[in-house]
Amino acid sequence: MDRTIRLVAGLLSWAIRLLPPQRQDWGAAVWAEAGEVPGRWARLRWLAGGLWLVAREAEVIRRIVHTAAAVGAGAALVWLDWHPGTENVAAPMNRAGTIAVVALLAVLPWASRRFLGPVADNRAARAVRTGGYLAMYALLGVIVGLSRFAGSRFDHMVAFDQANHDAEMRSGAVIGAIVILALIGGYALVILAVTSRRFAADPATLAAGSGLGVVAALVVYALMPLGNLLRPSPGWPSAAYLAVLILLPLGLVLAAGPLATRSTRGSATFTAAARRGTLAGLCAGTAAALVVAILTITTMLMLPRQVDLIWANPSPNVPHGTLFEVQMSVSDTAAKYEAGLIAGPLLGLLIGAFGGTSRRGRRLSGIADDQPGGNGH
């Protein structure tokens, strides 16, 4: 009985650390008062009841359910990416990389809570965190689908120089696993940080940045659904198509900064406008890169023979459109969207900072200077 009481008391002490700072004193009082309860059974009931209340207050139950769902989804993705019976020497590293990524996605919300705190207490933060994490699993699912289709061309490949081929495959798998782990881990950390209570962007910034980023992604996807430029009629239709494809998404990301600063009032400074614009641009670039990659690569995998052949043997005596050629073309076309996952947030940061400190930012700075105690004259 005493061992059970100590175990429950230890769990309660651990759970108290997960409470918001303003509620930790209450949790500590519940734990301390257990020593005043007479009788072992009564003390155990007190501790168990306190553990349940603290767990509910700290949202431990919901987080455990979310973690279980993440583990289940991750296990399914690992199973789909297993490639049973393959002779590809890179398969073990590919499997290890997928396991590492799904483990990171499941653990990171718990591990980062100590530094970032819980999710911010507003609807925008909760929606962005939920949608962002679902998008991370969707992206990993797309990567697994790409591996099953395009990557399967290496499953039973026999090369002229097998030793050199095997060495290149192993080194490529190691680099690829590190890149994907860093990329998805970085995206997940950004999503957790901008929606956390400690470092959260305000609701207007989250809504403006994420919303306009999704719209920009939908524009790009509508104009390049298979990763290829469409071929409108020469002349003004072609020029208009390229102008819309390039300028409209950039304009939407640029608008995120001024839109996020609309709710800023006179006490705001130029620096505050820059911060909001930068965060809005980061959200927009991140959302755009994620959504366009997920939608486009999924469409390519559904309609692989509609993707332009970019790895065609130049010999006219060789038949084109073989499965290997299609798989290679899909893989090479998808690579630019994988590169876009790196460039998207960085480009969003730069564009958002410019948008936040442009006309609206200069106006806010002037207003602040005119306030009593400002630098204006």
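So for the stretch 188-211 (the condition being farther than 25 Å from residue 72 by Cβ, among the basic types (Lys, Arg) and more than 15 Å from the chain's Cα centre (by Cα)), does at least one residue qualify?
Yes: the stretch 188-211 contains one or more residues that are farther than 25 Å from residue 72 by Cβ, among the basic types (Lys, Arg) and more than 15 Å from the chain's Cα centre (by Cα).
Got a sec? Which of 333, 298 is over 18 Å from the mean Cα position of the chain (by Cα), modelled with pLDDT of 90 or more and closer than 24 Å to residue 146 by Cβ?
Sole residue among the options that is over 18 Å from the mean Cα position of the chain (by Cα), modelled with pLDDT of 90 or more and closer than 24 Å to residue 146 by Cβ: 333.
Do we find a residue being touching a Cys at 6+ places or on another chain (Cβ under 9 Å) and of a type in the set (Ser, Thr, Tyr) anywhere in the stretch 197-208?
Yes, the conditions are met somewhere in the stretch 197-208.
Only one residue in 126, 170 is within 30 Å of residue 214 (Cβ to Cβ) and either among the hydrophobic types (A, V, I, L, M, F, W, C) or out of contact with any Gly (no Cβ under 6 Å at 6 or more places or on another chain) (or both), so which one is that?
Numbers: 170 fails: within 30 Å of residue 214 (Cβ to Cβ).
The match here is 126.
Based on what the data block shows, is residue 175 over 16 Å from the mean Cα position of the chain (by Cα), at negative phi and either at pLDDT 85 or above or among the acidic types (Asp, Glu) (or both)?
Yes: the conditions hold for residue 175.
Any residue in the stretch 221-232 that's buried (at least 16 other Cβ atoms within 10 Å of the Cβ): show its pairings with residues that are assigned to a loop (DSSP other than H, G, I, E, B) and modelled with pLDDT under 95 at Cβ separation under 6 Å, as long as the two are six or more apart or on different chains.
Partner pairs satisfying both residue conditions: 226/307.
Results for (1) closer than 27 Å to residue 189 by Cα; (2) hydrophobic (A, V, I, L, M, F, W, C); (3) within 18 Å of the chain's Cα centre (by Cα); (4) at pLDDT 85 or above, shown as yes or no for each residue.
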residue: 122; (1), (2), (3), (4): yes, no, no, yes
residue: 128; (1), (2), (3), (4): yes, yes, yes, yes
residue: 135; (1), (2), (3), (4): yes, yes, yes, yes
residue: 154; (1), (2), (3), (4): no, yes, no, no
residue: 162; (1), (2), (3), (4): no, no, no, no
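The values are calculated or read from the model by the stated rules, or taken from the named source; none is laboratory data. In this text the structure is predicted, and so the values were computed from the model without any measurement. Using ideal geometry, Cβ is built from the backbone for each residue, glycine included, and neighbour counts are taken over all protein chains shown.
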